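Participant: Here it is, the structure, as structure tokens.
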Ligand code: HEM
């Protein structure tokens, strides 16, 4: 599997994990503060992974253009 499609798949599945952690936070709203505080930071890890993999996915088409431009002789 190509590196970029691996990152895209990872981004897709981590987005599911992120969504689950957000839903958990809403479900815990009526629980005690200690539980809510534990859950509050849970979405940050998948969100950080989404940010870096998303930034890579965002840059992919620009990187492809830059690479193809660089390989054209005399350009
Ligand atoms: C945190 C910053 C994020 C950035 C910078 C980002 C960026 C991107 C980019 C550039 C793409 C590719 C779009 C394309 O190829 O047209 C993408 C796809 C996607 N993003 Fe994100 N994203 C972020 C967060 C999220 C979050 C929070 C979710 C959902 C909870 C999410 C779900 C998805 C999904 C499902 C796709 C489609 C993946 C596929 O091709 O199967 N992303 N994202």
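We did not get these values from a lab; they are worked out from the coordinates using the rules stated. Model, not experiment: these values are computed from the prediction. Note that each Cβ is placed from the backbone with ideal geometry, even for glycine, and that neighbours are counted across all protein chains shown.
Participant: Do we find that residue 67 is more than 9 Å from the ligand (Cβ to nearest atom) and in contact with a helix residue (DSSP H, G or I) (Cβ under 9 Å, 6 or more places away or on another chain) in this structure?
Facilitator: no
Participant: Just to verify a result, which residue in the stretch 1-14, among those that are part of a helix (DSSP H, G or I), within 14 Å of the ligand (Cβ to nearest atom) and without any contact (Cβ under 8 Å) to a residue 24 or more places away in the chain, is farthest from residue 56 (Cα to Cα)?
Facilitator: The extreme case among them is 13.
Participant: Of the conditions (1) exposed (fewer than 10 other Cβ atoms within 10 Å of the Cβ); (2) not in a helix (DSSP H, G or I), residue 42 fails just one. Which one is it?
Facilitator: Of (1) exposed (fewer than 10 other Cβ atoms within 10 Å of the Cβ); (2) not in a helix (DSSP H, G or I), only one is false for residue 42: (1).
Participant: Looking at the structure I just gave you, is residue 61 near the ligand (Cβ under 10 Å from one of its atoms), surrounded by fewer than 13 Cβ atoms within 10 Å (Cβ to Cβ) and assigned to a helix (DSSP H, G or I)?
Facilitator: yes
Participant: Continuing with this model, one more query. Take the conditions over 19 Å from the mean Cα position of the chain (by Cα), assigned to a helix (DSSP H, G or I) and either surrounded by 13 or more Cβ atoms within 10 Å (Cβ to Cβ) or within 13 Å of the ligand (Cβ to nearest atom) (or both) and apply them to residue 55. Does it pass?
Facilitator: No.
Participant: Run down 28, 17, 48 and say which single residue is in a helix (DSSP H, G or I), without any contact (Cβ under 8 Å) to a residue 12 or more places away in the chain, touching a helix residue (DSSP H, G or I) at 6+ places or on another chain (Cβ under 8 Å) and surrounded by 11 or more Cβ atoms within 10 Å (Cβ to Cβ).
Facilitator: So the residue among 28, 17, 48 that is in a helix (DSSP H, G or I), without any contact (Cβ under 8 Å) to a residue 12 or more places away in the chain, touching a helix residue (DSSP H, G or I) at 6+ places or on another chain (Cβ under 8 Å) and surrounded by 11 or more Cβ atoms within 10 Å (Cβ to Cβ) is 28.
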